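Peer 1: The structure's right below; bear with me while I get my questions together.
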Amino acid sequence: MAWRHGVVAGRRGRSRPHPPEPTETSDVKSAVENLDPTRVKVAVEVPHEELKPALDEAYKTIAGQVQIPGFRKGKVPARIIDQRFGRGAVVQEAVNAQLPELYARAITENDLQPIGEPQLELTDVPVADGDPLKFTVEVDVRPAIELPDTAGMRVEVAAAEVSEEDVQKRMDDLRERFGTLKGVDRAVATDDHVSMDLRAEIDGDEIDSVEGVSYQVGQGTMIDGLDEALVGMSAGESKTFTAPLAGGDRQGEDSQVTVTVQSVKERELPEVDDEFAQLASPFDTVEELKADLCKQAERNATFQQGIEARDKILEQLLGQLEIPVPAAIVEAEVNSHLEGEGRQDDADHRAEVTKSTEDALRAQFLMDALVERDEVEVEQNELLEYLMMSAQSSGMDPNQFIGMLDQQGQIGAVVEEVRRRKALAAVLETAEIVDTNGKSVDLGALEDDAEGEGDEATEGEGDEATEGEEAAEKPAAKKAPAKKATTTRKAPAKKAAEKADEAPAEETSEEK
């Protein structure tokens with residue numbers, strides 16, 4: 001039925017389903033039987049008077065669809081319809097039209113929170129006038145959770161230590177961004193940028209091919225074994241190796257992959273001097289740039305403390321509670337995940353994915369309980385901020401990203417995610433956070449740092465002289481492993497939380 005709701009679990013992009021909004025109350029009776037902590041059976045009885053308007057409308061609908069000699073279309077009397085098509089056809093039309101509304105009433109009146117697809121069974125269909133309609137609905141629901149006192153929780157996190165190597169790594173990354181690609185006449189080495197053609201065959205049949213792909217050797221983001229094959233090759237040379245297909249109908253099958261190198265380039269890095277500082281940052285001197293990179297490293301270390309504190313708070317709360325999860329929802333999620341990976345028969349992996357899915361659901365149920373307790377609402381600017389960050393993390397234009405979510409009906413899921421973040425943030429704000437040295441950690445300072453200042457003060461439009469090479473570098477993504485549902489928070493460690501979970505856990509793969 002069209003009004004049935006889909007399964008939710010764990011990753012963003014799936015949300016708690018909501019039945020249609022009920023209208024006014026009525027004489028409809030309903031009773032709930034708890035089958036287990038996460039599944040209920042609702043018995044509903046609808047009196048004839050309640051169903052009569054739907055029956056009348058059903059007669060009109062059928063009368064407008066049929067042609068009977070002697071009667072104009074739409075003017076066929078009810079008794080003639082009963083004679084020609086039977087009372088059952090009318091009742092079926094009326095029941096199908098009313099079920100979404102009747103289901104919604106039963107859910108609302110019994111204060112249930114469905115999280116899966118309802119299974120409906122008609123137990124009594126009205127045959128004669130005056131007969132009631134009776135049906136039952138089984139559906140998974142969010143379990144009742146008795147939250148512990150969350151005020152003043154204490155967590156210990158790693159000390160925020162910044163080394164000279166951390167600062168140098170940031171300087172090297174900055175040089176990489178502002179480097180230029182230069183053609184070289186030698187064999188391919190790790191970190192080189194190559195333009196290549198790829199062709200995959202199975203038993204001599206071409207499965208997929210692509211030309212002119214730009215790739216940085218050693219990234220490990222494309223086909224298994226590609227990096228090893230490329231190292232030592234020269235421009236114009238081809239090599240064939242065996243690798244499993246990363247996607248498509250024959251995902252996981254071994255194929256013969258032929259790679260042909262078209263060109264080899266290395267990145268030429270700029271010297272670290274005042275001129276570079278002026279190019280790559282708002283600063284005039286290298287010393288100022290280094291000082292800023294050090295601040296960035298310190299701020300990032302505090303971000304990591306916020307992420308660790310958030311995860312440990314959640315872990316503590318989950319450790320204090322026994323939260324049941326609906327077996328049907330877990331099974332559906334696991335099967336969907338394994339089918340996407342082509343690993344349905346991998347028992348060990350199934351067990352791993354099952355555990356991660358159960359953990360994700362428990363975390364979601366816990367945060368939903370916090371949302372309900374604290375009556376958390378989401379402001380429009382908070383939703384927009386989250387959407388903008390998610391779009392940036394996904395490498396998409398914000399308008400296109402938001403349009404995609406809207407088209408898929410996922411904006412509601414995003415609102416739920418932001419609401420959960422805020423609920424967990426409220427718990428973290430009251431927590432005592434210390435590092436392994438016994439020093440108190442002030443995550444609120446991140447808010448002040450973030451005001452009017454981006455995470456990277458030295459971000460710029462690097463690689464302008466790369467002749468479009470960087471823009472073309474879009475390697476195929478590998479299938480991500482089963483991932484525990486991440487949960488984030490807003491203030492005071494808003495930036496830390498956002499850094500951990502900026503975007504949906506999308507899984508993509510390409511056949512190469």
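Peer 1: Take residue 223 and tell me if it is of a type in the set (Val, Ile, Thr) and either at pLDDT 95 or above or part of a loop (DSSP other than H, G, I, E, B) (or both).
Peer 2: Criteria met by residue 223.
Peer 1: From the list 351, 347, 369, which one is buried (at least 16 other Cβ atoms within 10 Å of the Cβ) and among the hydrophobic types (A, V, I, L, M, F, W, C)? Steps first, answer last, please.
Peer 2: Working: 351 fails: buried (at least 16 other Cβ atoms within 10 Å of the Cβ); 347 fails: buried (at least 16 other Cβ atoms within 10 Å of the Cβ).
One residue alone meets the criteria, 369.
Peer 1: Then there is this: Would you mind telling me which numbered condition in (1) surrounded by 15 or more Cβ atoms within 10 Å (Cβ to Cβ); (2) within 30 Å of residue 428 (Cβ to Cβ); (3) not aliphatic (A, V, I, L, M) residue 111 fails?
Peer 2: (1)
Peer 1: Also, I was wondering about something else. Restricting to the range 115-125, what's the tally of residues that are out of contact with any helix residue (DSSP H, G or I) (no Cβ under 6 Å at 6 or more places or on another chain) and either of a type in the set (Val, Ile, Thr) or surrounded by 15 or more Cβ atoms within 10 Å (Cβ to Cβ) (or both)? Talk me through it step by step, then tell me what you get.
Peer 2: Looking only at the range 115-125, we keep the residues that are out of contact with any helix residue (DSSP H, G or I) (no Cβ under 6 Å at 6 or more places or on another chain), and these are 115, 117-124.
Then keep just the ones that are either of a type in the set (Val, Ile, Thr) or surrounded by 15 or more Cβ atoms within 10 Å (Cβ to Cβ) (or both); that gives 115, 117-118, 120, 123.
Within the range 115-125, residues that are out of contact with any helix residue (DSSP H, G or I) (no Cβ under 6 Å at 6 or more places or on another chain) and either of a type in the set (Val, Ile, Thr) or surrounded by 15 or more Cβ atoms within 10 Å (Cβ to Cβ) (or both) number 5.
Peer 1: Also, quick follow-up: For the range 126-144, give me the residue count where each residue is buried (at least 18 other Cβ atoms within 10 Å of the Cβ) and of a type in the set (A, V, I, L, M).
Peer 2: So the count comes out to 4.
Peer 1: List the residue pairs whose Cβ atoms are under 8 Å apart, where the first residue sits in the range 426-442 and is at positive phi, the second is modelled with pLDDT of 95 or more and buried (at least 19 other Cβ atoms within 10 Å of the Cβ), and the two are 6 or more positions apart or on different chains.
Peer 2: Matching pairs, first to second residue: none at all.
Peer 1: Does residue 401 meet the test of being among the aromatic types (Phe, Trp, Tyr) and closer than 26 Å to residue 151 by Cβ?
Peer 2: no
Peer 1: On to the next question. Taking the range 226-247, which residues are of a type in the set (Lys, Arg) and within 21 Å of residue 182 (Cβ to Cβ)?
Peer 2: Going through the range 226-247, the residues of a type in the set (Lys, Arg) turn out to be 239.
Within the range 226-247, no residue meets the criteria.
Peer 1: Now, a different point. Which condition does residue 293 not pass, out of (1) crowded, with 21+ Cβ neighbours inside 10 Å; (2) under 25 Å from the mean Cα position of the chain (by Cα), if it passes all the others?
Peer 2: Unmet for residue 293, out of (1) crowded, with 21+ Cβ neighbours inside 10 Å; (2) under 25 Å from the mean Cα position of the chain (by Cα): (2).
Peer 1: State whether the residues of the range 357-371 include one that is closer than 27 Å to residue 432 by Cα, out of contact with any strand residue (DSSP E or B) (no Cβ under 6 Å at 6 or more places or on another chain) and among the β-branched types (Val, Ile, Thr).
Peer 2: Yes, there is a match, as at least one residue in the range 357-371 is closer than 27 Å to residue 432 by Cα, out of contact with any strand residue (DSSP E or B) (no Cβ under 6 Å at 6 or more places or on another chain) and among the β-branched types (Val, Ile, Thr).
Peer 1: How many of the residues making up the range 233-281 are within 38 Å of the chain's Cα centre (by Cα), more than 18 Å from residue 190 (Cβ to Cβ) and either surrounded by fewer than 17 Cβ atoms within 10 Å (Cβ to Cβ) or not hydrophobic (A, V, I, L, M, F, W, C) (or both)?
Peer 2: Within the range 233-281, residues that are within 38 Å of the chain's Cα centre (by Cα), more than 18 Å from residue 190 (Cβ to Cβ) and either surrounded by fewer than 17 Cβ atoms within 10 Å (Cβ to Cβ) or not hydrophobic (A, V, I, L, M, F, W, C) (or both) number 18.
Peer 1: Quick check: anything in the range 372-384 surrounded by 17 or more Cβ atoms within 10 Å (Cβ to Cβ), touching a Phe, Trp or Tyr at 6+ places or on another chain (Cβ under 7 Å) and under 30 Å from residue 117 (Cα atoms)?
Peer 2: No, every residue in the range 372-384 fails to be surrounded by 17 or more Cβ atoms within 10 Å (Cβ to Cβ), touching a Phe, Trp or Tyr at 6+ places or on another chain (Cβ under 7 Å) and under 30 Å from residue 117 (Cα atoms).
Peer 1: Which of the numbered conditions does residue 272 fail, given that it passes all the others? Conditions: (1) in contact (Cβ under 8 Å) with a residue 60 or more places away in the chain; (2) assigned to a strand (DSSP E or B).
Peer 2: Among (1) in contact (Cβ under 8 Å) with a residue 60 or more places away in the chain; (2) assigned to a strand (DSSP E or B), residue 272 violates only (2).
Peer 1: If you take the residues of the range 31-90 that are closer than 24 Å to residue 104 by Cα and free of Cβ contacts under 8 Å to residues at least 24 places away in the same chain, which of them is nearest to the chain's Cα centre (by Cα)?
Peer 2: So the residue we want is 34.
Peer 1: Can I ask one more? Given (1) more than 30 Å from residue 295 (Cβ to Cβ); (2) in a helix (DSSP H, G or I), where does residue 173 come up short, assuming only one miss?
Peer 2: The single condition residue 173 does not satisfy is (1).
Peer 1: Are there any helices (runs of 4 or more DSSP H) wholly within the range 276-393 with 2 or more residues that are under 26 Å from residue 149 (Cα atoms), and if so which? It would help to see each step written out before you state the result.
Peer 2: Working: elements: 286-319, 327-341, 347-374.
Passing ranges, in order: 286-319, 347-374.
The values are calculated or read from the model by the stated rules, or taken from the named source; none is laboratory data. Because the structure is predicted, anything quoted here is derived from the model rather than measured. No Cβ is skipped: glycine too gets one built from the backbone with ideal geometry, and neighbour counts run over all protein chains shown.
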